[in-house]
Amino acid sequence: MDRLQIFKDIAAQASRGELTFPTNVNASLKLQQALDDPNCHIDAAAKLVIADPLLSARTVAIANSAAYNRAGNEITNVKVAVSRLGFRTLKSLVASVIVRQLDSKITDPGLKLKAAQLWEHSAHVSALAQVIARRVTKVDADTAMFAGIVHEVGGFYLLSRAQEFPGLLDGDPEDWVEYGEKLIGRGVLKKLGVPDAVMTAVEALWHGVSTIPPETLGDTLLLANDLARVVSPLHEKENVSLRREAVNINFEIEDGTLQSILQESEEEIESLTAALLV
């Protein structure tokens, strides 16, 4: 099997928009489009969310997380949850459902384990990015959370196709980085209608160049990716090494230091991660 050629073929299909999605992904894309409608009322949005049990559970869980429920008033109603979160956060949750749906047809046990680990990684990156954005870089926290959710969407798409080609993920993981991650990732992100600002941030992550202290959305995403306690199974060796270095990163900002802020925000990060994993 010519692994590089298969990577190139899948990437070429992705760049042309010829993506093979499960049926439930298409339904979620329609929901995302409905939420983009400026005339969509909160009652209509709540009905759309209720129609999807997974999205309903995740919406209520996020609304009750420490990051969004600082007053400690627990809610169980989807409409109230939507009202608390707002449409921008809700669209991030729809994106999280779409990402998870990409691997819904995987039956190979090894690939299912990789997909589960990749989502754990994505959820933790998303939670870290939200806190780092709000407390450190002062970029939009909802956008940072969204970027964390979708930054590995190309990897999920690859895993969804990998069982068609046994052994595709064997060998040098750099082949995925060089021939798959960027080309496939761009195609899937474009298909999902990801905003330009988020696309630019993910591109910055792929290139791996950031500023310390972080300033931009791309810097925020890169730092969150390096700090995530669960590494991507598609970058395992590289990310373990990066995380060892990242945990020692510390710098002073207006509210203290990076490490002190991460310690203060630990409950928020953990609860938001757990809610995304519902």
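No value in this document is a laboratory result; all are computed from the given coordinates. All figures in this text were calculated on a predicted structure; none of them were measured in a lab. Ideal geometry is used to build each Cβ from the backbone, glycine not excepted, and the neighbour counts take in all protein chains shown.
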Place a +1 charge on the Cβ of each Lys and Arg in the chain and a -1 charge on the Cβ of each Asp and Glu, then give the dipole magnitude about the Cα centre in debye, rounded to the nearest 20. 900 debye
List every residue whose amide H lies under 5 Å from the amide H of Gly256, counting only residues 5 or more places away in sequence or on a different chain, with H placed 1.01 Å from N in the peptide plane. none
In the chain, taking the dipole from +1 charges on Lys and Arg beta carbons and -1 charges on Asp and Glu beta carbons about the Cα centre, the listed residue (Phe7, Ala129, Ile106) farthest towards the positive end is Ile106
For Asp37 paired with Ala57, estimate the spin-label separation in nm (one decimal), with each label point 7 Å from Cα along the Cα-to-Cβ line. 2.8 nm
So if each residue of separation counts as 0.36 nm, and I subtract the Cα-Cα distance between Glu18 and Leu4, what length gain in nm does that give? 3.2 nm
Here segment 21-29 yields Karplus 3J(HN,Hα) values (6.51, -1.76, 1.60; θ = phi - 60°; whole Hz; Gly and Pro given as x) of 10, x, 4, 5, 5, 4, 5, 5, 5
Where only alpha carbons of segment 129-240 are counted, the Rg and the Dmax (Å): 14.2, 44
Amide hydrogen neighbours beyond the local backbone of Val194, cut-off 5 Å, H modeled: none
Over all Cα pairs of segment 62-179, how is the pair count split among 5 Å bins, expressed in % and running from 0 up to the last occupied bin? 2, 11, 18, 19, 17, 13, 10, 7, 4, 2, 0
What FRET efficiency do you get for Ser260 and Ser83 if R0 is 25 Å and r is their Cβ-Cβ distance, rounded to the nearest 0.05? 0.15
At a threshold of 8 angstrom on Cα-Cα distance, excluding pairs fewer than six apart, so keeping six or more, what relative contact order does segment 3-276 reach in percent? 25 percent
Eligible lysines near Lys112 by straight Cα distance, threshold 29 Å, same-chain separation 8 or greater: Lys8, Lys30, Lys91, Lys182, Lys190, Lys191, Lys237
What is the Rg over Rh value, at two decimals, for the chain, using alpha-carbon atoms and the Kirkwood definition of Rh? 0.96
Ranking Gly208, Gly256, Thr59 by how far each Cα lies towards the positive end of the charge dipole of segment 3-276 (+1 on Lys and Arg Cβ, -1 on Asp and Glu Cβ), the top one is Thr59
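When the helices in the chain are scored as -39500 (n - 2.57) per DSSP H run of 4 or longer and the sum is shared across all residues, what 222 nm value do you end up with, to the nearest 500 deg cm²/dmol?
Values: 14 runs with 177 residues, N = 278.
Result for the chain, helices only: -20000 deg cm²/dmol.
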